[in-house]
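First the structure, in the form of structure tokens, and then the observations on it.
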Amino acid sequence: MQHFIFDLDGTLSNPEIGILNGYRYTFEKLGMPIPSDEKLKTLIGPPLRIIFENFYGLTSSEADFAIETYRHYYNELGGAYENQLYDGIKNLLHSLAKENKQMHIATHKGAMADKILHHFEIDQYFTHIQHYNEEKNIITKEKMIALILEAENVQDKNEVVMIGDRHSDIEAAHFHQIKSVAVAYGFGSVEELKNCQPTFLANDVQDLTNILLQL
């Protein structure tokens with residue numbers, strides 16, 4: 001049984017508008033200068049706590065407020081739905097399901113991930129959905145993949161593939177010694193992705209479809 005583990009943002013869907021609006025809302029509430037759109041785009045992917053503490057030097061309590069503010073916009077003011085699936089994703093998932101591939105999600109997005117998948121009417125394709133959860137100490141892609149492998153009692157890692165658009169996705173795949181597909185249509189640059197040495201590189205959804213159906 002093959003297992004395909006998908007990242008969400010930048011891999012299945014393009015959440016750029018909602019995420020950038022969420023950051024603008026948050027920086028304004030923090031009284032901080034609002035970064036350029038190009039800078040904001042680089043913040044799509046990593047966990048919010050890392051962004052606010054490591055990238056912007058906020059204290060833990062300040063980061064708590066920033067995260068709460070961002071999630072208020074994203075979860076309650078509609079930011080989560082300022083989002084769209086990449087063209088061809090539904091067809092890809094349908095094709096993989098027809099081939100009896102097991103599909104899962106590993107995302108740095110929080111609990112809204114479930115609602116977003118339901119909103120796009122693709123939640124039925126995924127067996128396990130692992131999302132960022134500080135209370136359960138699920139904060140890395142490595143941990144999310146480990147939980148999926150354990151839940152599925154995977155014995156042969158050659159049957160597992162991680163698909164994502166940022167270095168953290170590919171690095172987590174290396175950690176678990178599983179195959180990876182880096183997608184170059186998301187938010188990680190081609191240089192970032194190539195430096196991580198993924199097993200495969202997909203330039204668009206059609207490329208990704210061809211790669212996964214041939215594995």
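With respect to (1) buried (at least 17 other Cβ atoms within 10 Å of the Cβ); (2) closer than 30 Å to residue 60 by Cα, the lone exception for residue 136 is condition (1). Screening residue 155 against (1) surrounded by 14 or more Cβ atoms within 10 Å (Cβ to Cβ); (2) under 16 Å from residue 177 (Cβ atoms) leaves a single unmet condition, (1). At least 3 residues being touching a Ser or Thr at 6+ places or on another chain (Cβ under 7 Å) is the threshold, and among the helices (runs of 4 or more DSSP H) wholly inside the range 28-147 those reaching it are 60-71.
Of everything listed in (1) over 23 Å from residue 167 (Cα atoms); (2) surrounded by fewer than 17 Cβ atoms within 10 Å (Cβ to Cβ), the single unmet condition for residue 79 is (2). Filtering the range 7-36 to residues that are of a type in the set (A, V, I, L, M) and in contact (Cβ under 8 Å) with a residue 12 or more places away in the chain leaves 8, 12, 17, 19, 20, 30, 32. Selection within the range 37-47: residues that are touching a helix residue (DSSP H, G or I) at 6+ places or on another chain (Cβ under 7 Å) and free of Cβ contacts under 8 Å to residues at least 24 places away in the same chain. The member of this set that is nearest to residue 139 (Cα to Cα) is 40.
Please verify whether the range 172-190 includes one or more residues that are more than 24 Å from residue 113 (Cβ to Cβ) and among the hydrophobic types (A, V, I, L, M, F, W, C). Yes, the range 172-190 contains at least one residue that is more than 24 Å from residue 113 (Cβ to Cβ) and among the hydrophobic types (A, V, I, L, M, F, W, C). Among the residues making up the range 104-141, those that are hydroxyl-bearing (Ser, Thr, Tyr) and more than 21 Å from residue 1 (Cβ to Cβ) are 107, 132, 140.
The residues on offer are 106, 97, and the sole one that is in contact with a helix residue (DSSP H, G or I) (Cβ under 6 Å, 6 or more places away or on another chain), without any contact (Cβ under 8 Å) to a residue 60 or more places away in the chain and of a type in the set (Gly, Ala, Ser) is 97. Restricting attention to the range 54-68, the residues that are surrounded by fewer than 18 Cβ atoms within 10 Å (Cβ to Cβ) and over 20 Å from residue 187 (Cα atoms) total 8. Among the residues making up the range 2-48, a single one is surrounded by fewer than 19 Cβ atoms within 10 Å (Cβ to Cβ) and at positive phi: 31.
Being surrounded by fewer than 18 Cβ atoms within 10 Å (Cβ to Cβ) and over 14 Å from residue 10 (Cβ atoms) is a condition met by no residue of the range 181-190. In this structure, residue 162 does satisfy being on the phi < 0 side of the Ramachandran plot, of a type in the set (A, V, I, L, M, F, W, C), crowded, with 19+ Cβ neighbours inside 10 Å and not in a helix (DSSP H, G or I). If you check 168, 180 for being assigned to a helix (DSSP H, G or I), in contact with a helix residue (DSSP H, G or I) (Cβ under 6 Å, 6 or more places away or on another chain), among the polar types (S, T, N, Q) and not assigned by TED's automatic domain parsing to the domain that holds residue 67, only one passes: 168.
The values are calculated or read from the model by the stated rules, or taken from the named source; none is laboratory data. What you see is a predicted model, and the numbers here were worked out from it, not measured in a lab. Don't worry about glycine lacking a Cβ; one is built from the backbone with ideal geometry, like all the others, and counts go over all protein chains shown.
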